[in-house]
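Working notes, structure below.
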Amino acid sequence: MRSLGIITEVRAGEAPTALLLSLYSFLLLAAYSCIKPVREALILQLPGGAEDKIYMAAATAMAMLIALPLYAKLAVAVPRNRLIVWVTAFFAANLLGFYLAAALRGSTTAVALGFYLWIAVFNMMIVAQFWAFAADIYSEEAGKRLFPLLGLGASLGAVAGSGLAKVLIQSLGAIAPLLAGAAVLLFSGVIAQVVHWREVRSFRTGPPQAAAMPLGGSSSDAFRLVLRERYIGLIALFSLTFTLVKTNGDYLLAKVVSEAARNAAGSGQLAARAVTSHIGAFYAGYYLYVDGLSLALQALVVSRVVKYAGFGAAFFVLPVLAFLDAGTMSVLPLLAVVAAGKVVESATDYSLNNTVRGMLWLPTTRRAKYLAKQTVDTFFVRMGDVVSAVLVFLGAHLLGLGVRPFALCNVVLTLGWMRLAWVILREPARTPAGSE
């Protein structure tokens, strides 16, 4: 337990569950990071792939309107352990299906767009489910101390997954990481079940015992909670805004990367048939840098920022960095500059920002954690992507705007993001005593 003190404060009896949850987050992020380069390789080899990434946001939002009610029905009907295991197994089976489709049909438009749509749903739902599970286990006080440790597990997993993806792509091809991702994902479901059993059997009363029972109620409570509770509604608006900024930045990077690869192919520096693998290798390396920096921040910085600077200051770090990144892009829209800025911004998002976003839900009810959080972290986040898609359509296609105008748009949006963060910090989370 002393060694864990390097990362954050862990008290007597807390280490076993905290380490298991850290392993759980490690496995989830390892699986996701392993398959991320496949997503980029499949879609960016298509003509107009950078724009296709943005336009798929609308399809993703529609898919969420189908997926969320189904998830909510399951969440109110079964105990949390079955919910987590069943959802995890379902996504693992999907990965096997995409591997077979890509192996038999190749990198077709249908496979590329279908996988991009799927991973957009998977990414948000599986991560939101993990943080809901963690917030359900810990009190607000314990969560603020231990969430940085869980985030470290996620950061370690992201590095491991990115490294594994790079090796698999170079040795076995662009789609090989899908099989590895499925196997790791299934193992994460086993760990989640172990954590649930341990917590329920360790306590005879209180939240752990209640967690062995279904939530009950109606699946329509998910959107109702977002609309009814001001605190949750503000988090939803914040999630939409920060996603809009992030997606715009991701579009700028994808645009610069794909253009650089096609220019290299056009000049003879790169074989035309190697464009897909070249882009996949770039993103594997890019994610490795992001995840490596994220790991360092999570291990050495996050808990200390929260403890010494306070939760409020920690909440403002990413929007300030995003503001500076967008300003730099607007002046120097070069691949090295854009990639370096996105590495810092994304690493901070995956470490500090993900941790403090999880902390926002600690004082809320169990129903809010499993229903409203899933809705906010999936539908409202993807609505940020939809707004970005509209901006790209209007700016890139109708007006022919380049990198600089989109970067300037992000400068303005980050100012609104900071304003929302300020309002959220001043809004108490109204959690009725004894409510579920």
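Every read-out reported here was derived from the displayed coordinates using simple, explicitly stated rules and does not represent laboratory data. Predicted model, so just to flag it, every value in this text is computed and none were measured. Cβ coordinates were reconstructed from backbone atoms using ideal geometry, including for glycine residues, and neighbour counts include every protein chain displayed.
For the range 290-362, max minus min Cα coordinate along each principal axis, in Å, sorted largest first?
40, 22, 21
Between VAL412 and ARG230, what is the label-point separation in nm under the 7 Å Cα-to-beta-carbon projection?
That separation, rounded to one decimal, is 2.9 nm.
Taking the alpha-carbon set of the range 264-417, what are its Rg and Dmax in Å?
Cα radius of gyration and Dmax of the range 264-417 are 18.4, 59 Å respectively.
Hey, which lysines would be in cross-link range of LYS342, C-alpha to C-alpha under 26 Å, not counting anything within fewer than 8 residues on its own chain?
Answer for LYS342, where 26 Å is the Cα cut-off: LYS36, LYS53, LYS166, LYS246, LYS255, listed by chain and number.
Which order do the peptides 166-177, 27-38 take when ranked by the mean count of other beta-carbon atoms within 10 Å per residue, highest first?
Numbers: 166-177: 19.0, 27-38: 27.8.
For the peptides 166-177, 27-38, the packing ranking is 27-38, 166-177.
Take peptides 231-238, 378-385 and line them up by average Cβ neighbours within 10 Å, highest first, as a rough protection proxy.
Top of the packing list down: 378-385, 231-238.
Which ³J(HN,Hα) values in Hz, rounded to whole numbers, follow from the phi angles of the range 288-302 under the Karplus curve 6.51 cos²θ - 1.76 cosθ + 1.60, where θ = phi - 60° and Gly and Pro get x?
Couplings: 5, 5, 4, 6, x, 5, 4, 4, 5, 5, 5, 6, 10, 10, 4 Hz.
Near the amide H of VAL78, under 5 Å away, which other amide H atoms are found, from residues 5 or more places off or on another chain, if H is placed in the peptide plane?
Those lying under 5 Å, H to H, from VAL78 are LEU215.
At R0 = 30 Å, how high is the FRET efficiency between TRP197 and LEU96 if r is their beta carbon distance? Nearest 0.05 is fine.
0.65
Step through the residues of the range 87-97 one at a time and calculate ³J(HN,Hα) from phi using the Karplus curve (6.51 cos²θ - 1.76 cosθ + 1.60, θ = phi - 60°), rounding each to whole Hz and writing x for Gly and Pro.
The phi angles translate into 5, 5, 5, 4, 5, 5, 5, 4, 4, 4, x Hz.
Using only the alpha carbons, work out the radius of gyration and Dmax of the range 11-426 in angstrom.
20.5, 69
Calculate the FRET efficiency for ALA89 and ARG404 from the Cβ-Cβ distance with a Förster distance of 51 Å, rounded to the nearest 0.05. Please report the intermediate quantities before stating the final value.
Details: r = 46 Å, r/R0 = 0.90.
Here the calculated transfer efficiency is 0.65.
Which log10 I(q)/I(0) values does the range 62-109 give at q = 0.15, 0.27, 0.31 Å⁻¹ under the Debye formula, counting every alpha carbon as one identical point scatterer?
Taking Cα atoms of the range 62-109 as identical point scatterers yields -0.55, -0.96, -1.05.
Got a sec to turn the phi values of the range 166-183 into Karplus ³J(HN,Hα) couplings, 6.51 cos²θ - 1.76 cosθ + 1.60 with θ = phi - 60°, whole Hz, x for Gly and Pro?
For the range 166-183, the Karplus curve yields 4, 5, 5, 5, 5, 9, 10, x, 5, 9, 4, x, 4, 5, 4, x, 5, 5 Hz.
What is the sum of charges around SER351, taking Lys and Arg as +1, Asp and Glu as -1, for the other residues whose C-beta is under 14 Å from the C-beta of SER351?
-1
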